[in-house]
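Nothing in this text is a laboratory measurement; each read-out follows from the coordinates by a stated rule. Remember, predicted model here, so these are calculated numbers, not experimental data. Backbone-built Cβ (ideal geometry, glycine too); neighbour counts: all protein chains shown.
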Amino acid sequence: MYEIPYWISRMTVPEIISHLADHNLDCEGPYPRGETMSQWECRPPSNPDGVEREVTIVGQNPEQIRSVVATISGDGEMPPEEEAADFLGSVAALPYEEADPGQARQWTRENMSSGGKLTIGSAKFELYGEEVMRVLRIVAVGE
């Protein structure tokens, strides 16, 4: 019988942190999350343009990642679409088994305004807006 993966296949915290460091985000953690999970939080060292960027990683350990959630918000208003597309597109391109970074980045750009859902390998992508922020959720298909 086919088993739906509970973790994003071969996505690891060290690779995520390295990828995000290339985009000027510093990560801290792990912090406890519930009884069995841990959480890592990544942010830029400063935000001089008033735009907040944050990535939260949740997993049982650094080798078993359940979700990655990226948010970008403006100071009381939606962040500029191009800036949001650049940031969320870079997060969508995170490495994992069966990843297609080009497709994920392009899908993010094309759906920035409308939002949407996409599955690539063992990861489901969901893109949506909330009042003054845009959110990209990447979760294991078994969630």
Reciprocal mean inverse distance between Cα atoms of region 77-143 - Kirkwood radius, Å: 11.9
Considering the options Pro62, Phe87, Cys42, tell which one lies farthest towards the positive end of the dipole of the chain, charges being +1 on Lys and Arg and -1 on Asp and Glu at the Cβ, about the Cα centre. Pro62
Relative contact order, percent, of the chain when contacts are C-alpha pairs under 8 Å separated by at least 6 residues? 26
In degrees, nearest ten, helix 101-110 long axis to first principal axis of the chain (Cα): 40
Gain in span if fully extended, Glu41 to Ser18, counting 0.36 nm per residue against the direct Cα distance: 6.9 nm
Stokes-Einstein, Kirkwood over Cα pairs, region 13-140, 37 °C, 0.692 mPa s; D in µm²/s equals 224
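What is the extension gain from Glu110 to Ser9, computed as 0.36 nm multiplied by their sequence separation minus the C-alpha to C-alpha distance, in nm to one decimal? Numbers along the way, then the final one.
Details: separation 101, 0.36 × 101 = 36.36 nm, distance 2.53 nm.
Between Glu110 and Ser9, full extension yields 33.8 nm more.
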In whole Å, largest first, the alpha carbons of region 14-75 cover along the principal axes 37, 22, 15
Give me the one-decimal nm value for the distance between modelled label points at Val69 and Arg33, 7 Å along each residue's Cα-to-Cβ direction. 0.8
Which value at 222 nm does the chain reach when only helices count, each DSSP H run of 4 or more adding -39,500 (n - 2.57), with the total divided by all residues and rounded to the nearest 500 deg cm²/dmol? -6500 deg cm²/dmol
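Taking the Cα centre as origin and putting +1 on Lys and Arg beta-carbons and -1 on Asp and Glu beta-carbons, what dipole magnitude results for region 13-140, to the nearest 20 debye? Don't skip to the answer; put the middle values down first.
Numbers: 10 positive and 23 negative charges, 84 e Å.
So the magnitude is around 400 debye.
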At q = 0.12, 0.22 Å⁻¹, what base-10 log of I(q)/I(0) does the Debye formula yield for region 47-104 when every alpha carbon is treated as an equal point scatterer in vacuo? -0.36, -0.92
